[in-house]
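For reference, the structure is listed below as structure tokens.
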Amino acid sequence: MAEEKKLFKVTIDNITIEVEPGTTILNAARMIGSQVAPPAMCYYSKLQGSGGKCRTCLVEVAAGSTADPRPMPKLVASCRTTVMDGMVVKNTTSEKVLDARAGVVEFLLINHPLDCPICDQAGECDLQDLSYAHGSESTRFEFQKRIFEKHDLGPYIQLHMTRCILCYRCVYVADQLTSKRVHGVLDRGERSEIATYIEKALDNDFIGNVIDVCPVGALTDKTFRFKNRVWFTKPVDAHRHCTKCCGRVRLWLRGNEVLRVTTRRDKWGEVESLPDGTPGWICNECRFEKKHVSSWEIDGPTRIDRHSVIAQGHYVDLEIPNDPLVKVMHGNKPRLLLDIHSVSEVNKPGIDLAALPGPPTSKVYDQGNDKKE
Amino acid sequence: MSRKLLLEKAHVEGIRNYDVYRREGGYSSVEKALKSMAPDQITDEVKKSGLRGRGGAGFPTGLKWSFLAKPAGVPRYLICNADESEPGTFKDRYLMEYIPHLLIEGLIVSSYALGSNRTYIYIRGEYAWIVGILEQAIAEAKANGWLGQNILGTGFNCEIYVHPGAGAYICGEETALIESLEGKRGNPRIKPPFPAVKGLWDCPTVVNNVETLAAVVPIINLGAEEYLKIGIGKSTGTKLISACGNINKPGVYEIEMNISVEEFVYSDEYCGGIAGGKKLKACIPGGSSVPILPANLLLKTAKGETRYMNYESLSDGGFATGSMMGSGGFIILDEDQCVVRHTYTLAHFYRHESCGQCSPCREGTGWMERILKNIEYGKGKMSDIDLLWDVQRKIEGNTICPLGDAAAWPVAAAIRHFRDEFEWHVLNPEECLKRNYGLAHYADPRTPAVA
């Protein structure tokens with residue numbers, strides 16, 4: 001009989017779980033549940049080598065292991081740090097972590113255009129969720145934001161570098177899914193940008209997947225651009241027989257019209273695994289060419305996760321993650337995007353936006369400034 | 001006159017050539033090491049000598065070597081980090097330019113100790129002319145049997161290659177250096193795994209500074225016991241200091257680490273005092289990344305003790321009242337220098353050299369530079385100073401590699417010690433463009449007559 005594998009015991013935010021050696025802190029936290037999982041902007045479990053760059057998943061290691069219970073001196077990137085037996089990790093229970101995370105969010109946003117009203121990613125954007133949970137309401141950055149020239153990446157994909165947060169996910173996709181990588185990162189520091197060599201078009205059967213891995217609206221689907229807001233579309237899972245890929249997709253419908261085809265995503269915003277465990281990437285033909293319901297066999301409505309504002313549409317199977325979190329957060333309720341209407345008064349009618357001297361902040365809404373009518 | 005181990009022969013005429021170097025006793029450490037010592041013995045000797053990394057962090061070299069994984073059948077690599085790009089540091093350049101064979105000799109001994117058959121010198125791209133000097137030295141060493149196959153009949157093979165970088169400061173970080181050496185973009189790797197386990201081409205690798213590897217030569221020649229006697233406490237041996245700024249005699253000095261900062265700055269043997277008879281205002285004792293110190297904290301520690309030129313004494317008081325030995329780039333600022341301007345210059349440097357991989361450094365360095373520019377040019381607000389403090393605090397410790405820390409520390413120290421100067425810039429937006437803030441309370445504590 002094979003010897004039983006020794007499992008590592010790890011405690012994250014006072015919740016203990018046993019995981020296999022070699023698991024990262026982030027994955028261990030995800031096994032516990034979305035309540036304690038640190039946010040991840042660059043890590044993508046299906047892409048080798050990803051992670052460690054955005055620094056949003058920083059956690060505090062209060063005790064390294066049973067053998068060496070010293071705390072780690074710095075916050076560590078949970079997506080790239082493997083667990084040790086007896087490790088004690090603090091995520092949302094650590095002031096230090098929340099402070100650092102707020103700092104990272106601020107850094108990610110200072111040069112982000114915040115053009116959500118015209119961005120196709122709005123509503124399913126990881127950066128929106130992140131800034132909603134950890135950001136502040138106003139900016140301290142008083143300088144001109146960074147702007148990039150637009151790059152043309154061919155007939156299907158639009159690159160909008162100004163929105164990019166340089167997570168490198170698309171680079172890894174191109175590296176690991178396609179045979180010929182033609183795009184990568186040029187320049188360095190603030191000016192580094194995702195680009196192709198002399199504006200070459202991205203031309204590969206699986207290159208469309210870069211759109212799905214992009215956490216922000218830097219890479220968008222040209223066949224869907226400006227067609228609709230995601231929260232007005234209805235997602236259904238569908239499949240077709242495809243010779244190139246698995247053919248398991250998510251259709252985004254408006255009426256009977258297929259506006260967009262994407263991969264199926266799991267609750268972490270990553271592409272769903274197929275029954276055999278491999279990631280369910282889809283080919284360009286399924287993604288861009290098959291825009292008619294008759295090409296597809298519908299499997300049923302999509303299970304909506306907390307990440308999406310379309311959760312406002314009261315879909316079935318909605319998971320509301322707040323019970324244990326309230327306990328570990330000392331009675332504070334987490335702020336979730338799906339609660340936007342009850343938490344924020346952004347949609348409160350009767351506020352005269354035109355009368356404000358600057359952009360509206362929550363203070364304005366708190367104080368009223370109601371229209372005198 | 002303090003003892004010289006590295007630069008003792010640097011001014012012998014023609015020492016750059018093999019014949020002269022050999023005649024002056026060169027390559028004797030290779031003979032001694034390869035013929036009479038086992039590789040582990042050399043590592044032990046280096047460990048015993050207390051040699052600490054000269055590149056900046058000051059990590060014990062012997063300990064670093066002992067961490068090197070040695071799985072069977074996997075090649076190991078030694079890389080010499082000659083990507084000396086820290087503003088204010090130019091000691092390696094001097095060493096490689098004047099006495100290149102010393103580095104080659106140290107590399108052969110170290111390669112033997114670590115079992116590296118292919119050793120690389122990753123040299124800064126801007127040091128283009130030194131590539132030729134090193135390659136000539138390597139060719140000469142090879143022609144005389146110190147490199148190549150079966151060196152001195154011991155069966156040890158070793159080749160040394162020189163690889164110039166392309167002008168990126170970040171490639172001085174060891175994992176970025178390895179990436180660059182592999183032909184990729186010089187982005188630092190995420191640790192762990194450390195290079196000692198998975199480095200160049202995923203093989204165990206040791207990366208050491210030029211001066212560290214050169215210091216192996218006197219350790220082998222003298223023996224660890226003798227080497228240990230030079231210096232104080234955990235700062236053993238000699239250290240090259242590249243002194244620059246407003247001093248009478250800028251240059252590279254080899255010091256024993258038991259002289260005081262005061263002696264180093266004012267004695268005629270070293271810096272020779274502040275240029276033009278002016279007063280000392282501040283100093284960055286270890287290259288641009290380490291915290292700046294005002295004059296009153298430079299010569300004496302917060303406790304009133306004399307500060308010495310060594311790892312422990314310079315960092316006495318932590319970052320609150322101390323600094324770091326760093327890479328030995330000793331920059332002196334006199335009373336006419338503006339600390340805000342100086343901090344802005346450094347922030348500009350780090351903004352330009354950030355690799356752009358992780359968010360706090362990519363975005364934060366640019367933000368700090370812009371705020372500092374505003375303050376320097378009289379457009380700052382009082383709240384900007386606190387904002388600057390907050391931004392540096394959020395960069396420090398949250399990045400992949402130490403460049404984030406290196407960008408944050410100078411800003412933090414400048415605000416910590418020279419906040420009044422920042423405030424003066426904000427309060428006097430027009431005057432600050434025309435004249436300098438001056439000395440204020442952190443004036444040179446020395447009486448002018450002291451020799």
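Observations
- Among the residues of the range A:47-87, just one is open to solvent by 50 Å² or more (accessible area, probe 1.4 Å), away from every other protein chain (no Cβ under 11 Å) and touching a Ser or Thr at 6+ places or on another chain (Cβ under 8 Å), namely A:84.
- Qualifying helices (runs of 4 or more DSSP H) (wholly inside the range B:282-378; at least 1 residues being farther than 30 Å from residue A:168 by Cα, away from chain A (no Cβ under 14 Å) and open to solvent by 40 Å² or more (accessible area, probe 1.4 Å)): B:295-299, B:311-314, B:318-321, B:339-353
- Top-ranked residue of the range A:96-125 - restricted to ones that are part of a helix (DSSP H, G or I) and modelled with pLDDT under 90, ranked as least open to solvent (accessible area, probe 1.4 Å): A:116
- Verdict on residue A:35 being open to solvent by 60 Å² or more (accessible area, probe 1.4 Å), touching a residue at least 60 places away in the same chain (Cβ under 8 Å) and farther than 25 Å from residue A:67 by Cβ: no
- Qualifying position, being within 13 Å of chain B (Cβ to nearest Cβ) and either touching a residue at least 24 places away in the same chain (Cβ under 8 Å) or in contact with a helix residue (DSSP H, G or I) (Cβ under 9 Å, 6 or more places away or on another chain) (or both), among A:127, A:177: A:127
- Only listed residue being open to solvent by 40 Å² or more (accessible area, probe 1.4 Å), more than 29 Å from residue A:155 (Cβ to Cβ), modelled with pLDDT of 85 or more and not assigned by TED's automatic domain parsing to the domain that holds residue A:90, chosen from A:317, A:352, A:276: A:276
- Here the condition is being on the phi > 0 side of the Ramachandran plot, touching a Ser or Thr at 6+ places or on another chain (Cβ under 8 Å) and either of a type in the set (A, V, I, L, M, F, W, C) or more than 14 Å from chain B (Cβ to nearest Cβ) (or both); of A:166, A:153, A:202, it holds for A:166 alone.
- Subset of the range B:8-41 [more than 17 Å from residue B:134 (Cβ to Cβ), surrounded by fewer than 19 Cβ atoms within 10 Å (Cβ to Cβ) and of a type in the set (A, V, I, L, M)]: B:12, B:37, B:38
- Of all residues in the range A:130-148 being assigned to a loop (DSSP other than H, G, I, E, B) and hydrophobic (A, V, I, L, M, F, W, C), the one that is nearest to the other protein chains (Cβ to nearest Cβ): A:143
- Count - residues of the range A:180-199 that are more than 14 Å from chain B (Cβ to nearest Cβ), touching a residue at least 40 places away in the same chain (Cβ under 8 Å) and on the phi < 0 side of the Ramachandran plot: 1
Matching residues to (1) under 20 Å from the mean Cα position of the chain (by Cα); (2) of a type in the set (Lys, Arg); (3) not assigned by TED's automatic domain parsing to the domain that holds residue B:390:
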{"position": "B:295", "(1), (2), (3)": "no, no, yes"}
{"position": "B:300", "(1), (2), (3)": "no, yes, yes"}
{"position": "B:303", "(1), (2), (3)": "no, yes, yes"}
{"position": "B:319", "(1), (2), (3)": "yes, no, yes"}
{"position": "B:344", "(1), (2), (3)": "no, no, no"}
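- Where strands (runs of 3 or more DSSP E) fall entirely within the range A:156-263, those with at least 2 residues that are among the β-branched types (Val, Ile, Thr) are at A:193-196, A:257-263.
- If only residues of the range A:95-114 that are in contact (Cβ under 8 Å) with a residue 24 or more places away in the chain and small (Gly, Ala, Ser) are counted, the one that is farthest from the other protein chains (Cβ to nearest Cβ) is A:102.
- In the range B:379-401, residue nearest to the other protein chains (Cβ to nearest Cβ) [restricted to those that are buried (at least 16 other Cβ atoms within 10 Å of the Cβ) and of a type in the set (Gly, Ala, Ser)]: B:397
- Test: residue in the range B:224-237 that is under 17 Å from residue B:309 (Cα atoms), open to solvent by 20 Å² or more (accessible area, probe 1.4 Å) and hydroxyl-bearing (Ser, Thr, Tyr): no
- Segments classed as helices (runs of 4 or more DSSP H), wholly inside the range B:1-83, with at least 3 members that are of a type in the set (Ser, Thr, Tyr): B:28-36
- When the range B:249-266 is filtered for residues that are open to solvent by 30 Å² or more (accessible area, probe 1.4 Å) and either of a type outside the set (Phe, Trp, Tyr) or in a loop (DSSP other than H, G, I, E, B) (or both), the ones remaining, listed by number, are B:249, B:250, B:256, B:258, B:262, B:263.
- Residues of the range B:139-179 satisfying the condition of being part of a loop (DSSP other than H, G, I, E, B), open to solvent by less than 40 Å² (accessible area, probe 1.4 Å), small (Gly, Ala, Ser) and within 14 Å of chain A (Cβ to nearest Cβ): B:165, B:167, B:168
- Being closer than 16 Å to residue B:88 by Cα and either of a type in the set (A, V, I, L, M) or not in a strand (DSSP E or B) (or both) is true of residue B:271.
The values are calculated or read from the model by the stated rules, or taken from the named source; none is laboratory data. Note that this is a predicted model, so its numbers are computed, not measured. Every residue, glycine among them, receives a Cβ derived from its backbone with ideal geometry; neighbour counts consider all protein chains shown. With ligands, DNA and RNA removed, areas are computed over all heavy atoms of the protein, side chains included. Shrake-Rupley method; radii C 1.70, N 1.55, O 1.52, S 1.80 Å.
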